[in-house]
Amino acid sequence: MSWILIRHGMTQGNTERRYVGCRTDEPLCPEGIAKLQQGEYPAVKKVYSSPMRRCLETAAILYPNIKAEIIPDFRECDFGEFEYKNYEELNGREDYQAWIDSGGELPFPDGESRADFAARSLAAFQSIRQEAGSEDCALIIHGGTIMSIMEAMARPQGSYYDFQVKNGCGYILKEDGSYTGIGL
């Protein structure tokens, strides 16, 4: 069995390098749709998705004949006060510098910590592993969700930030932890 972990297609906020979290439910941008339509993705029997619009739209493009099962805890991180801001807008803020200096470990102001987000993402993944059976499944999720799952499951092991992926890219993760990249 394989888990196909795919980051949603590109949104306008992604093109502007914004922190697009669970407080912003924006659609895919035209460029993001076009890139997804040009890609090749493995066939699967089941699709799981974040409830965010960008993930549901991605699932419908990549797997039009499979209804995605929504997993609420696959939603993106809560970036709190940093939501939909980019580096230029946050640069010079004391709380942003503190977050950067922590290596991303501090909680986002009025948002979620990376540890809590990773625990939520991994618990959601573990819950569907029990019900999936032996069929290959796709997860249409967020970059941080992929990084959380891969940090915990991938062999050889890597750190959270080792598993960053671009929009529409991801990993094929086997049950034994071995993996290969998709579109990387």
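The values are calculated or read from the model by the stated rules, or taken from the named source; none is laboratory data. Remember, it's a predicted structure, so these values are computed and weren't measured experimentally. Note: ideal-geometry Cβ built from the backbone for every residue, glycine included; neighbour counts use all protein chains shown. Side chains are part of the model used for accessible areas, which takes the heavy atoms of the whole protein and leaves out ligands, DNA and RNA. Shrake-Rupley method; radii C 1.70, N 1.55, O 1.52, S 1.80 Å.
With the requirement that a residue be among the aliphatic types (A, V, I, L, M) and free of Cβ contacts under 8 Å to residues at least 40 places away in the same chain, what does region 125-162 give you?
Listed by number, the residues that qualify are M147, A152, M153, A154.
Could you grab me the full set of residues in region 34-57 that are of a type outside the set (K, R) and surrounded by 16 or more Cβ atoms within 10 Å (Cβ to Cβ)?
Matches in region 34-57: L36, Y41, V44, V47, Y48, S49, S50, P51, M52, C55, L56, E57.
For region 163-184, how many residues meet the condition of being in contact (Cβ under 8 Å) with a residue 24 or more places away in the chain and touching a Phe, Trp or Tyr at 6+ places or on another chain (Cβ under 7 Å)?
5
Can you tell me which residue within region 58-68, out of those that are touching a helix residue (DSSP H, G or I) at 6+ places or on another chain (Cβ under 8 Å) and either basic (K, R) or not in a loop (DSSP other than H, G, I, E, B) (or both), is least open to solvent (accessible area, probe 1.4 Å)?
If we take residues in region 58-68 being touching a helix residue (DSSP H, G or I) at 6+ places or on another chain (Cβ under 8 Å) and either basic (K, R) or not in a loop (DSSP other than H, G, I, E, B) (or both), then T58 is least open to solvent (accessible area, probe 1.4 Å).
Quick one: which of A138, A124, A115 is assigned to a helix (DSSP H, G or I) and open to solvent by less than 20 Å² (accessible area, probe 1.4 Å)?
From the options A138, A124, A115, the qualifying one is A124.
Can you find, within region 69-105, the residue that is farthest from R23 (Cα to Cα) among those that are of a type in the set (S, T, Y) and outside any helix (DSSP H, G or I)?
S102
Of the conditions (1) over 24 Å from M10 (Cα atoms); (2) of a type outside the set (K, R); (3) open to solvent by 60 Å² or more (accessible area, probe 1.4 Å), Q164 satisfies every one except a single condition; which number is it?
(1)
Quick one: in region 70-88, of everything that is of a type in the set (D, E, K, R) and either within 16 Å of I6 (Cα to Cα) or touching a residue at least 40 places away in the same chain (Cβ under 8 Å) (or both), which residue is surrounded by the fewest Cβ atoms within 10 Å (Cβ to Cβ)?
Among residues in region 70-88 that are of a type in the set (D, E, K, R) and either within 16 Å of I6 (Cα to Cα) or touching a residue at least 40 places away in the same chain (Cβ under 8 Å) (or both), the one surrounded by the fewest Cβ atoms within 10 Å (Cβ to Cβ) is D73.
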